[in-house]
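The values are calculated or read from the model by the stated rules, or taken from the named source; none is laboratory data. Given the structure is predicted, the values throughout are model-derived calculations rather than measurements. FYI the Cβ positions are ideal-geometry reconstructions off the backbone, even for glycines, and counts take in every protein chain you see.
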Amino acid sequence: MNALSYNTERAQLHIPEYGRNVQNMINYAKQIEDRDERNLAARAIIDVMGQLNPHLRDVEDYTHKLWTHLYIMSNFEIDVDSPYDIPEPETLRERPQSMNYPRNTSRYGHFGHYAEKMIKEAATIKDEEEKTYMTELLANLLKKNYLVFHTKNVENSAITSHLRELSKGELQLDDVNQLKSTNTILKSVGVVPKKTFKKHKSKKRRK
């Protein structure tokens, strides 16, 4: 009886997405002595790789990527005539440079950096009509951001107070009724307001 072969006992796959059969095909193609026959085998393997990963067709220059994968899976040992430059192993092993992410600080995290930045810009508006419009707009934005962050009610007076503070007294909403209701805001952002239900004691059924 032949002993079973387990994947844990086999060589590790360079790119597991293609499966062990494709890896075995590449290993076999490496050993073909006739160059023309080896080239034909390589192109046939490329076709199979493309069929197994049709999503690569959406990638720009996907054929180039398939040939790169072929070289990687052959451990860069297959000698074939590729339509592209043979990739250097060192370049593929290079780690991408770390990106610098902007670190913006907000006085009130629940309002957000951009909301506070908009308030500072609006505070410099000279046209009174435009300034009044922006005051109401930003007050509702602050309330929405607060509710999304906390998902609980907030006093309108607290929102107008924060708006006045962040604008250094330049933006003042005199009528708090201009702020949208909590339920309206929560529904607009896809949050269902919590309803209160009265608890009823269940009556035991008489036999």
Could you say whether any residue in the range 81-91 is modelled with pLDDT of 85 or more, surrounded by 12 or more Cβ atoms within 10 Å (Cβ to Cβ) and over 18 Å from H14 (Cβ atoms)?
-> yes
Mind checking which pairs have a first residue in the range 118-146 that is under 20 Å from I185 (Cβ atoms) and a second that is among the β-branched types (V, I, T) and in a loop (DSSP other than H, G, I, E, B), Cβ under 9 Å, 6 or more apart or different chains?
-> M134/I125; K143/V154; K144/V189; Y146/V154
In the list E37, E17, which residue meets the criterion of being surrounded by fewer than 17 Cβ atoms within 10 Å (Cβ to Cβ), among the charged types (D, E, K, R), assigned by TED's automatic domain parsing to the domain that holds H69 and at pLDDT 95 or above?
-> E37
M134 vs. criteria of a type outside the set (K, R), out of contact with any strand residue (DSSP E or B) (no Cβ under 8 Å at 6 or more places or on another chain), surrounded by 13 or more Cβ atoms within 10 Å (Cβ to Cβ) and within 20 Å of Q178 (Cα to Cα) | yes
Positions within the range 159-181 being surrounded by 13 or more Cβ atoms within 10 Å (Cβ to Cβ) and either of a type in the set (D, E, K, R) or touching a strand residue (DSSP E or B) at 6+ places or on another chain (Cβ under 9 Å) (or both), in sequence order | R164, E165, E170, K180
Just to be sure, is P54 surrounded by fewer than 16 Cβ atoms within 10 Å (Cβ to Cβ), over 15 Å from N27 (Cα atoms) and over 24 Å from the mean Cα position of the chain (by Cα)?
-> no
